[in-house]
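Heads up: the structure comes next, in structure tokens.
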Amino acid sequence: MNKKYKLAIVGATGVVGRTILKVLEEENLAISEYKFFASKKSAGSTINFLNEEYVVNELNTSSFDEGFDFAIFSAGGETALKYAPIAASKGCRVIDNSSAFRMDFNVPLVVPEVNANAISASDKIIANPNCSTIQAVVPLKALDDKFCIKRVVYTTYQAVSGAGRNGILDLENGRKGISTLKKFPHPIYDNCLPHIDVFLDNGYTKEEEKMINETRKILNKPSLAVTATCVRVPVTNSHSEAINVEFEKSFDIEYVKEILSSTKGIILQDDPLNNIYPLATNASGHNEIFVGRIRRDYSVKNGINLWVVADNIRKGAATNAVQILKHLL
Ligand code: A2P
């Protein structure tokens, strides 16, 4: 392969950033040069990547002057809002993991299995969706194509890794009996917190609003009826979701299973008699989305229930970003 592109990773020291590096190591992409950025705090520290030591650089307004073809940002919304437009103005195509640009009309919001075609050659910033949305829309798109989705009800059981290093620390400390909290407003150990991101005036959390709006944008169904309850649970990694779906058209449940099992990126795990269904511990470390507990919702005409689990740091963030990069390459 003729390796020739230059890639910047912004937020390389974070939970998602480090997993992006792992996923990149597993791929053989046409990248000849890598450079890693983080905040001042980590500047000068080193990262081992592809058997080489790389020094972490402090991100600043001239970081992109040297010319990058691509950048993957995973350093939060504020950093993205400030630096992604600078990178883009210097000809770099940016894949951003934060929510900063997701709902911008001019920015494609992409899960490659679902809507890679939303990216056009002139797009400089491409948004990576919210982790809980990514794992939901892959099965939803496959089913929407066949049965036309009318309404979606999400209930999520989200891992602490989605809240970054401090989220993981709060759970680990709680397990050790340490009560100091770095991330959450209440102990996450032994608890379920119906509170992810900030509360909005309408009583929903921003995470719930993200799931609703991003689902509509990615599926290209702006008026789809969607509601969500997002819950942080004391699980280290991988988000689980109960998804209730109502279709316009009637369906056969065995055909639904067939569709899902033949959808790229999905692994069907649906054998309840043998206790086989998706589990967070099994999904962790994998790039696929696991779907099971597929059953008819008898309370409506064409309804179905699904249990969907994925590694929120891999498919929910790092893997999806690298898949977008592969598409751009
Ligand atoms: P740092 O490690 O120097 O703080 P996480 O969500 O796991 O906490 O990771 C956040 C990532 O974003 C880290 O790599 C962090 O770097 C990086 N980051 C945070 N603020 C900035 C900033 N102002 N400029 C560049 N990188 C930042």
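Observations on the model:
- The chain - percent relative contact order, Cα under 8 Å, separation 6 or more: 18
- Karplus-derived 3J(HN,Hα) values for segment 182-196, using 6.51 cos²θ - 1.76 cosθ + 1.60 with θ = phi - 60°, are 9, 10, 8, x, 9, x, 8, 5, 6, 9, 10, 9, x, 7, 10 Hz; glycine and proline are entered as x.
- Converting phi to 3J(HN,Hα) with the Karplus coefficients 6.51, -1.76 and 1.60 and the offset θ = phi - 60°, segment 21-38 yields 4, 4, 5, 5, 5, 7, 9, 10, 8, 7, 10, 9, 9, 10, 9, 10, 10, 8 Hz in sequence order, with x at every glycine or proline.
- The heavy atoms of H195 offer some 60 square angstrom of accessible surface to a 1.4 angstrom probe.
- The orientation-averaged projection of the convex hull spanning the C-alpha atoms of segment 96-162 amounts to 5.6 square nanometres.
- Measure of compaction for the chain (Cα Rg per 2.2 N^0.38 Å): 1.00
- Taking a sphere under 9 Å around the Cβ of I259 and counting the other residues whose Cβ falls inside, with K and R at +1 and D and E at -1, yields a net charge of 0.
- Kirkwood Rh, Cα atoms: Rg over Rh of segment 183-262: 1.05
- The order of the peptides 88-100, 179-191 by mean Cβ neighbours within 10 Å, most packed first, is 88-100, 179-191.
- 10 Å binning of all Cα-Cα separations within segment 6-155, expressed as whole percents from 0 upward: 10, 38, 33, 14, 4, 0
- Computed over segment 82-131, Cα set: Rg, Dmax in Å: 10.3, 29
- Over segment 132-312: Kirkwood hydrodynamic radius from C-alpha pairwise inverse distances, Å: 17.0
- What the chain shows is 45 Å² of accessible area per residue, with the surface traced by a 1.4 Å probe over protein heavy atoms.
- Taking only the Cα atoms of segment 267-329, the radius of gyration and Dmax are 14.7, 46 Å.
- Centre separation in Å (Cα based) which lies between segment 80-150 and segment 1-51: 21
- For E208, solvent-accessible area (1.4 Å; no DNA, RNA or ligand), Å²: 10
- When Rg and the Kirkwood radius Rh are both evaluated on Cα atoms of segment 47-112, their ratio Rg/Rh stands at 1.00.
The values are calculated or read from the model by the stated rules, or taken from the named source; none is laboratory data. Since the structure is predicted, the reported quantities are computational estimates derived from the model, not experimental observations. With ideal geometry, Cβ positions are generated from the backbone for all residues, glycine too; neighbour counts draw on all protein chains shown. Accessible surface areas use protein heavy atoms only, side chains included; no ligands, DNA or RNA. Shrake-Rupley method; radii C 1.70, N 1.55, O 1.52, S 1.80 Å.
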